[in-house]
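Scroll down for the structure; my scribbles are underneath it.
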Ligand SMILES: [Zn+2]
């Protein structure tokens with residue numbers, strides 16, 4: 001299963017420039033600054049591509065680089081028993097070779113001279129091998145859009161990110177579209193909540209974060 005990446009697969013909270021993209025590899029420059037921003041980038045990327053990754057290695061500050069981090073697909077053979085010796089037959093190991101490497105360059109006079117992207121604050125060098133040897137659009141991928149409580153949490157995160165209710169619904173549907181969800185999935189309230197459900201979640205989220213619309217709590221949130 002190979003997903004040729006384009007800009008719609010890349011996290012929107014970062015500035016990304018695709019340097020190269022083909023069936024095998026995608027090279028991106030991005031305004032990453034540290035390990036924390038790498039984590040955030042990867043989290044969004046996982047959602048947008050319905051993939052899941054494990055950290056293979058993480059190297060903090062060095063002389064020539066700010067830091068680097070290496071992720072492998074959670075279906076890789078790294079740190080897992082091989083399929084034959086897995087008695088329960090539940091191993092995630094399909095020896096998938098998909099991986100993502102991050103290097104963040106240091107901002108110095110010399111790197112600015114030699115690398116025009118550093119000058120534009122795109123310190124992150126991301127190399128993505130997105131060739132998976134397993135399906136990424138099946139029921140397993142759908143577990144990311146888990147049911148009820150998890151789904152509600154997902155929506156709360158959208159709201160925390162500053163989306164309106166309508167934007168959150170649209171965004172969620174666009175994630176589902178990207179994951180090639182079927183018409184049945186869209187009709188399934190466990191994956192795609194009804195407007196009424198989202199409205200309830202929004203009301204509760206609103207009263208927790210902004211206080212009630214009427215009564216005593218209103219004074220607390222006047223600003
Ligand atoms: Zn994989």
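Looking only at residues of the range 118-136 that are in a loop (DSSP other than H, G, I, E, B) and over 16 Å from the mean Cα position of the chain (by Cα), we find that the one that is modelled with the lowest pLDDT is 135.
Among the residues examined, residue 13 qualifies as under 15 Å from the mean Cα position of the chain (by Cα) and more than 16 Å from the ligand (Cβ to nearest atom).
Scanning the range 101-114 for residues that are more than 13 Å from residue 65 (Cα to Cα) and either in contact with a strand residue (DSSP E or B) (Cβ under 8 Å, 6 or more places away or on another chain) or not assigned by the TED database to the domain that holds residue 42 (or both) yields one hit, 101. Within the range 1-54, the set of residues being in contact with a strand residue (DSSP E or B) (Cβ under 8 Å, 6 or more places away or on another chain), in a loop (DSSP other than H, G, I, E, B) and more than 24 Å from residue 96 (Cβ to Cβ) comprises 14, 15, 31, 32, 33, 34. The residues on offer are 49, 26, and the sole one that is touching a helix residue (DSSP H, G or I) at 6+ places or on another chain (Cβ under 9 Å), within 15 Å of residue 125 (Cβ to Cβ) and in contact (Cβ under 8 Å) with a residue 60 or more places away in the chain is 26. With respect to the conditions (1) within 16 Å of the ligand (Cβ to nearest atom); (2) surrounded by fewer than 16 Cβ atoms within 10 Å (Cβ to Cβ), residue 52 lacks only one, and its number is (2).
Would you mind stating whether residue 154 is assigned by the TED database to the domain that holds residue 194 and either under 12 Å from residue 47 (Cα atoms) or at pLDDT 90 or above (or both)? Yes, satisfied.
The values are calculated or read from the model by the stated rules, or taken from the named source; none is laboratory data. Worth saying up front: this structure is predicted, and the values here are computed from it rather than measured. Every residue, glycine among them, receives a Cβ derived from its backbone with ideal geometry; neighbour counts consider all protein chains shown.
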